[in-house]
1. So which of A:Val164, A:Val224, A:Val232 ends up being of a type in the set (Val, Ile, Thr) and farther than 24 Å from A:Ile103 by Cβ?
2. For segment B:126-138, which residues satisfy the criterion of being more than 12 Å from every other protein chain (Cβ to nearest Cβ) and in a loop (DSSP other than H, G, I, E, B)?
3. Name the single residue, out of those in segment A:42-89 being among the β-branched types (Val, Ile, Thr), part of a helix (DSSP H, G or I) and surrounded by 21 or more Cβ atoms within 10 Å (Cβ to Cβ), that is farthest from the other protein chains (Cβ to nearest Cβ).
4. Would you mind finding the one in B:Val230, B:Val254, B:Val197 that is under 29 Å from A:Phe236 (Cα atoms), under 13 Å from the mean Cα position of the chain (by Cα) and among the β-branched types (Val, Ile, Thr)?
5. Determine which member of the set A:Ala318, A:Ala295 is over 30 Å from A:Asp382 (Cβ atoms) and modelled with pLDDT of 90 or more.
6. Inspect all residues belonging to segment A:177-187 and state whether any of them is under 23 Å from B:Gly250 (Cα atoms) and more than 9 Å from every other protein chain (Cβ to nearest Cβ).
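The values are calculated or read from the model by the stated rules, or taken from the named source; none is laboratory data. Please read these numbers as outputs of a predicted model, since none were measured by experiment. Don't worry about glycine lacking a Cβ; one is built from the backbone with ideal geometry, like all the others, and counts go over all protein chains shown.
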Amino acid sequence: MKKRMFLDACALAVAALFSANVMAQANTFKIGLILPMTGQQASTGRQIEAAARLYMAQNGDTVAGKKIELIVKDDTTVPTVTKRLAQELVVNDKVNVLAGFGITPSALATAPIATQSKTPQVVMAAATSIITEASPYIVRTSFTLAQVSVALADWAPKNGIKTVVSLVSDYGPGIDAEKYFKERLALNGAQVIESLRVPMRNPDFAPFLQKVRDLKPDALFVFVPSGAGAAVMKQFLERGMDKAGIRLIATGDVTDDDQLNDMGDGALGVVTSHHYSAAHPSAVNKKFVAAFEKANPGMRPNFMAVGGYDGMRVIYEALRITKGVGGGDALVAAMKGQIFESPRGPMYIDAQTRDVVQNVYLRKVEKVDGKLYNVEFDVIKDVKDPGKTK
Amino acid sequence: MLTILFDGVAYGMLLFILALGLAVTMGLMNFINLAHGAFAMAGGYITVLLMQEAGVPFLVCLPLAFLGSALLGGVLERTLYRPLYHKPHLDQVLFSIGLTFMAVASVDYFVGSSQQLIQLPEWLKGRSEWGQGAWTLGMGHYRLFIIVVCAALTVGLQYVLTRTRFGSRLRASVDDQRVAAGLGINVNLVFLSTFAVGSGLAGLGGALGAEVLGLDPSFPLKFMIYFLIVVAVGGTSSITGPLLAALLLGVADVAGKYYIPKLGAFIVYSVMIAILIWRPQGLFVRRGGKS
């Protein structure tokens, strides 16, 4: 008899808790943020999480009457883990939006889950062109390698560079960078004499840089994922390549704001092309950088952080427009076509491709107030991703 | 071409210093220590932290890295490793891999997972060029430094192994542990000091390699495979075996990436497969010794 009463009481308690949970859920809007917090791309995860939390701190956590809940998960830079986490977030936590995705394979692995569950997937970091074509629910706020590579290929021939050797990491974004740089450079009358691909898990750049040295081009075009740039820079200088008359041009991942100041004065004068520099001279950016550095002492925001910040902005704005009605399809429709001023400059989400259209800046590494920054000296406006096949 | 040979030799010598401790441990104690890379990482991080936080000069950090890792190795040997000597190899593998994961996670937690950058002293940053055309020999001063240090260590270790009493005790214990103990050799002490020195060498290798190989919390997992290749190809019963194996692999890796960049990373593995098909017990194994 007592046992039965005890069991009944337990059942009632569970039911009460369960219903309370369900009621609370109706008024929360959950964002599942899957980031590489450990592993090879951990700096990406740290920057995006910091930027996302900054956005929430600045804009409050209630939109259209719903409370925003940010669930951050670590996928350790392994795409199979990303897929599993995305599944758990969608099925167990019932998130309204998936966001983050530090590397291309992670974003592509999650695409089928976004399509099947009709959950918007906001890509804040990964940069290969085909990602937005993998699912109609993918919206990107970061950038593509194709966008920034063509800008450099336009600038180089006008500045005395006729022969280039390209050196990229052997994965999606690297291959994109190599392809679009080569095509645009050929269009402008200069030439890529050799394309080298470096394995992702590469201990030593020495043999590749030695090969470049022996080929004697006017310039070396480099793309490596953010975090590996310092190693390339160091070995470039150690091998005396700048003294041999070879210029270093690269996408901005090599002079990542996160690491730039630790690279030493050897990095001065390197020309890169990218969509964001912490030294971008706009009022919005100055505010963003100041707030970011205040909330995260010792950390300078980089292009990953701005991708996260703008991703949150796109989500918030979409929720504001739809007022929480209509589920994933309505959210994606509200995300398309958003046009706003980001810390990077003006940008908009293309309504056809769901990809980001933004300015690409040409920058040179210079010393400002005793620290190294990428100082912008030229801009190409409203660059659409040239890498779309559909 | 000579420059590539030079770079390969430097890389090989670095691999040798890193893998030597593992070879000796496997040969001496018949213990599969997959956590060897963690000791190398410890040496690297000791150097980085001392240079960044306390401003200690690079050259002073190197012996400190050796001592730190040696101490860590000695303590862990006495407390954690000793109970596992007579356990089956699978238990040893599971234990050491677990230790590696713990090391990776704790370094990640305390120091963070970004690549650690070292600022070398000015005199190590230069480069000298001799000859011209295809026969230029370009020597980075840092790689020259690595070769000199590792060569000196090799000569020193070979001397200790062949000319000192400790060396003969070590060789006796490797040959047959029970007979050596029966003859009054304190095998436990030999094991402890050898493990400590092996870990110390790994730490020194990690410190030297931080500039060339990079240093982040996943270092043990990334480079363990190279250490195991050196040990598998070179055998565990001498110093010269791993030395030649490491040099061969270093040169093959660097030359392979230079001449056939598409195959790049696979060259090392193909060389290993070829050598092991030819000599399955390794390049240099003494006849009659315990393999």
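1. A:Val164
2. Once the filter is applied, which keeps residues that are more than 12 Å from every other protein chain (Cβ to nearest Cβ) and in a loop (DSSP other than H, G, I, E, B), segment B:126-138 yields B:Gly131, B:Gln132.
3. Let us first name the residues in segment A:42-89 that are among the β-branched types (Val, Ile, Thr), namely A:44, A:48, A:62-63, A:68, A:71-72, A:76-78, A:80-82.
Imposing the further condition that a residue be part of a helix (DSSP H, G or I) reduces the set to A:44, A:48, A:80-82.
Now drop any that are not surrounded by 21 or more Cβ atoms within 10 Å (Cβ to Cβ), which leaves A:44, A:48, A:82.
Working: A:Thr44: 10, A:Ile48: 14, A:Thr82: 17 Å.
Looking at residues that are among the β-branched types (Val, Ile, Thr), part of a helix (DSSP H, G or I) and surrounded by 21 or more Cβ atoms within 10 Å (Cβ to Cβ), I get A:Thr82.
4. Checking each option against the conditions leaves just B:Val230.
5. A:Ala295
6. So far as segment A:177-187 goes, no, none of its residues is under 23 Å from B:Gly250 (Cα atoms) and more than 9 Å from every other protein chain (Cβ to nearest Cβ).
Yes/no matrix, rows are residues, columns are (1) surrounded by fewer than 19 Cβ atoms within 10 Å (Cβ to Cβ); (2) in contact with a Cys (Cβ under 8 Å, 6 or more places away or on another chain); (3) not basic (Lys, Arg):
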{"site": "A:Leu209", "(1), (2), (3)": "no, no, yes"}
{"site": "A:Lys234", "(1), (2), (3)": "no, no, no"}
{"site": "A:Ala244", "(1), (2), (3)": "yes, no, yes"}
{"site": "A:Ala250", "(1), (2), (3)": "no, no, yes"}
{"site": "A:Ala278", "(1), (2), (3)": "no, no, yes"}
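This table checks each residue for (1) surrounded by 24 or more Cβ atoms within 10 Å (Cβ to Cβ); (2) assigned by TED's automatic domain parsing to the domain that holds A:Pro217.
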{"residue": "A:Gln121", "(1), (2)": "yes, no"}
{"residue": "A:Met124", "(1), (2)": "yes, no"}
{"residue": "A:Pro136", "(1), (2)": "no, no"}
{"residue": "A:Asp176", "(1), (2)": "yes, yes"}
